[in-house]
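> Dumping the structure here so I can ask a few things about it.
Every number in this text was worked out from the coordinates using simple rules, so none of it is lab data. Because the structure is a prediction, the values reported are computed rather than measured. Cβ atoms come from the backbone with ideal geometry, glycine included; neighbour counts cover every protein chain shown.
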Amino acid sequence: MTETTAPPATDPAAVFAELYGHKPHGVWAAPGRVNLIGEYTDFNDGFVLPLALPHTARAAVSPRTDGVLRVYSHDVPGGVVSLHAGELTPRSGHGWAAYPAGVWWALREAGHPVTGADIALTSTVPTGAGLSSSAALEVVTALALSDLYDLRLSAAELAVTGRRAENAFVGVPCGIMDQMASACCTEGHALHLDTRDLTLRQVPFDLAAHGLTLLVVDTRVQHALGDGAYARRRSACEEGARLLGIPMLRDLPHDGLDAALAALADAGADASVIRCVRHVVGDNRRVEQIIALLEAGDVRAAGPVLNEGHRSLRDDLRVSCPELDLVVAAANEAGALGARMTGGGFGGSALVLVEEETADAVARAVTKAFAGAGHTAPGIFAAVPSPGARRLR
Ligand code: ADP
Ligand code: MG
C-alpha cells in the first residue's frame, strides 16, 4: 500500500525534557514540500507552484537569556551542539547545526533581540531527497523564535529569514521557494508564488475530491554530477537575459519565445544558453497552464503538462538522470496521468499524478522497474497538500 500519511513523528517535547531536564515552552512544526511545476524558475524571478507535505520538522523550544543556543537533532548522531552568540560567524562549519544557528544569526543581524534558546528537533522529512528538509528546519526554528521573543514575523518574513540563513550562514545558494512553501502553504492547496515580489495565491488542489493521488517517488540517489550544475544553469540563464537585453528571463513572455530563440542564435549564443531560456520560459508558462486547469477543476489534464515539464528538464535543462527518467517512463506505462522529476534533479524525487484506484499498481510498477534495472528500491508515498508552519502546543 502507498503511504498517505507521514510516518509517526517522535515527540520533540519528550526528547527536550530528557535532554534539558525541564519542559519546553512550546512545540512548533514546519513541513517539507514538493514542487508541482516551475523548476529552475525561482532564480529567474519566475513562478513556482509547491505544496506542503504531511512530513514535518518539529521543534520543542525554550528561550535563554545568556546568549547561548543549544540545539539537538533526534535524527543525526552527535548530541547537543552548543554555540555562543559571539561564535556566530557565517560559513564557519557547525555541520547540520548551521541551519538553526543560521536562523538565530539572521534574526540577530536583522536587529531582533534573540538572546538564545534550547532546541530539540525531530523530523519526518526525508533528507537530501529534494523535499526541503533544510527549509523545514529553518522555518520551524524561525517561527519558534519569533513566537518566543514576540517578534511577530509574517510567514514571508520567516521564509526570508530561513533563506538568508541558508544562503549567507550555511553557504548554500538556494532560491526562496522552499522556505516560502514551508512557511506559507495551506491544507488542500498548492501555492502560486511569484518569486519576483513574493506575492502569492492559494490554488485549490484537493486531490481526494477528484479521486486522484499525487505520488512522490524518492529515487534515493543523488549523483555527484549535480555538483556545480546549479551554478552553471544559473549563469546560462543570466547570459540569456543579458543577450536579450532584459533584466531576468521572467521578463520574456511566452509568445515572444520563438523570436527570442532566433535572436539568441543570431547573436551566437551557446546552445546551452538557448536551451536554458527555452526551459525557463516554458516552465513559467506551464505554471500558468496548470493553475488554470486546477482552478477549472480539470485536474487530470495537468498530467500531460507534467510530462512536458519532465521532457524540458531532461532534454533542455539536462538535469534529469536515468533513475528519474525510469520513474516517469514506468509510471506512464503503468497508466499514470503524468509524471516529472521535481527539485534540482540528478537524483532526488519525482512526482506522479495518478487515479486513486491505480496508485498502488503504479507504485508497484515503478518499484519493479527499479528492481529490474538493479537500482535500490525507491521510497514512495502520497503527497497530500498539507498546512504550512504552525505552533502545535
Ligand atoms: P533537502 O533540503 O532537499 O532535504 P539539503 O541538502 O538542502 O536537502 O538539506 C539537507 C541537510 O539539512 C542535511 O544534510 C542536514 O544537514 C540538514 N537536516 C535536514 N533535516 C535534519 C534533521 N532532522 N536533523 C538534522 N539536520 C537536518
Ligand atoms: Mg534544502
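> Rounded to two decimals, what is Rg over Rh for region 178-320 when you use alpha-carbon atoms and the Kirkwood radius? Write out the running numbers ahead of the final one.
Working: Rg = 16.9 Å, Rh = 17.0 Å.
Taking Rh as the inverse mean 1/r over Cα pairs, Rg/Rh reads 0.99.
> Taking every DSSP beta bridge that has both residues in region 30-163, what percent is antiparallel when rounded to the nearest 5? Walk me through the numbers on the way to the answer.
Numbers: 16 of 22 bridges.
Looking only at bridges with both residues in region 30-163, the antiparallel portion is about 75 percent.
> Return one number: the angle in degrees, 0 to 90 and rounded to the nearest 10, between the long axis of the Cα atoms of helix 98-109 and the longest principal axis of the Cα atoms of the chain.
Roughly 80 degrees between the two axes.
> Would you order THR367, THR195, THR161 from fewest to most other beta-carbon atoms within 10 Å of each residue's own beta-carbon? Don't jump to the answer; show the numbers that get you there.
On the way: THR367 17, THR195 22, THR161 30.
With the fewest neighbours first, THR367, THR195, THR161 line up as THR367, THR195, THR161.
> Here's a follow-up. Taking the Cα centre of the chain as origin, work out the dipole magnitude from +1 charges on Lys and Arg Cβ and -1 charges on Asp and Glu Cβ, in debye rounded to 20. Don't jump to the answer; show the numbers that get you there.
Numbers: 32 positive and 44 negative charges, 137 e Å.
Charge dipole of the chain: 660 debye, to the nearest 20.
> State to the nearest 20 debye the size of the charge dipole of region 27-97 about its Cα centre, where the only charges are +1 on K and R beta carbons and -1 on D and E beta carbons.
On the way: 5 positive and 6 negative charges, 55 e Å.
That gives a dipole near 260 debye.
> For a quick check: with amide H placed at 1.01 Å from N, whose amide H comes under 5 Å from ALA117's, ignoring anything fewer than 5 positions away on the same chain?
ARG64, VAL68, LEU69, ARG70
> A further question follows. Mind checking the log10 I(q)/I(0) for region 57-147 at q = 0.10, 0.11, 0.13, 0.18 Å⁻¹? Debye, one equal scatterer per Cα, no solvent, two decimals.
Log10 I(q)/I(0), no solvent term: -0.22, -0.27, -0.38, -0.74.
> Still on this structure, I have one more. Over region 1-130, what is the relative contact order in whole percent, taking alpha-carbon pairs under 8 Å and six or more residues apart? Kindly include the intermediate steps, with their values, before the conclusion.
Working: 212 pairs, mean separation 40.5, N = 130.
Relative contact order of region 1-130: 31 percent.
> How long are the semi-axes of the ellipsoid equivalent to region 295-364, from square roots of 5 times the Cα gyration tensor eigenvalues, in whole Å, largest first?
On the way: eigenvalues 80, 45, 16 Å².
Values for region 295-364, descending: 20, 15, 9 Å.
> Determine ³J(HN,Hα), in whole Hz, for all residues of region 69-77 in sequence, where each value follows from phi through the Karplus function 6.51 cos²θ - 1.76 cosθ + 1.60 and θ = phi - 60°; x replaces Gly and Pro.
10, 10, 10, 9, 10, 5, 9, 10, x
> How much length is gained on full extension from THR10 to ARG232, taking 0.36 nm per residue of separation minus their Cα-Cα distance? If you can, show how the numbers build up before the last one.
Numbers: separation 222, 0.36 × 222 = 79.92 nm, distance 3.95 nm.
Here the answer is 76.0 nm.
> Only bridges with both residues in the chain count here: give the DSSP antiparallel percent, nearest 5.
Numbers: 47 of 54 bridges.
Restricted to the chain, the bridges split so that about 85 percent are antiparallel.
> Scan around HIS55 for amide H atoms under 5 Å from its own, H built in the peptide plane at 1.01 Å from N, and keep only partners 5 or more places away or cross-chain.
Placed amide hydrogens put GLY32 under 5 Å from HIS55.
> What ratio of Cα Rg to 2.2 N^0.38 Å holds for the chain?
Values: Rg = 21.0 Å, N = 393, 2.2 N^0.38 = 21.3 Å.
That ratio works out to 0.99.
> Check which residues have an amide H placed less than 5 Å from ARG318's amide H, if you skip close sequence neighbours.
HN-HN under 5 Å from ARG318: empty list.
> Report, to the nearest 10°, how far helix 133-148 tilts away from the longest principal axis of the Cα atoms in the chain, using its own Cα long axis and a range of 0 to 90°.
It is inclined by approximately 40 degrees.
> How far, in degrees from 0 to 90, does helix 257-266 lean away from the longest principal axis of the Cα atoms of the chain, to the nearest 10?
Roughly 80 degrees, rounded to the nearest 10.
> Could you order peptides 25-31, 35-41 by the average number of other Cβ atoms within 10 Å of their residues, highest first? Mind showing how you got there, number by number?
Numbers: 25-31: 24.3, 35-41: 27.7.
Order by mean packing, descending: 35-41, 25-31.
> Determine by what factor the alpha-carbon radius of gyration of region 9-67 differs from 2.2 N^0.38 Å, reporting the quotient. Mind dumping the intermediate values first?
Working: Rg = 17.2 Å, N = 59, 2.2 N^0.38 = 10.4 Å.
After normalising by residue count via 2.2 N^0.38 Å, the value is 1.66.
> Using only alpha carbon pairs under 8 Å that are at least six residues apart, calculate the relative contact order of region 140-244 and give it in whole percent.
Details: 70 pairs, mean separation 14.8, N = 105.
The normalised contact order for region 140-244 reaches 14 percent.
> Now for a separate question. For region 267-337, what relative contact order do you get, as a whole percent, if you take Cα pairs closer than 8 Å and at least 6 residues apart? Mind showing how you got there, number by number?
Numbers: 30 pairs, mean separation 24.6, N = 71.
Reported as a whole number, the value is 35 percent.
> Evaluate the charge dipole of region 83-186 about its Cα centre and quote only its size in Debye, nearest 20, assuming +1 on the Cβ of each Lys and Arg and -1 on the Cβ of each Asp and Glu. Before the final figure, lay out the partial values.
Numbers: 5 positive and 9 negative charges, 36 e Å.
Dipole size: approximately 180 debye.
> I would also like to ask the following. Modelling each spin label as a point 7 Å along the Cα-to-Cβ direction, I'd like the ILE246/GLU187 distance in nm, to one decimal.
The two pseudo-label positions are separated by 4.0 nm.
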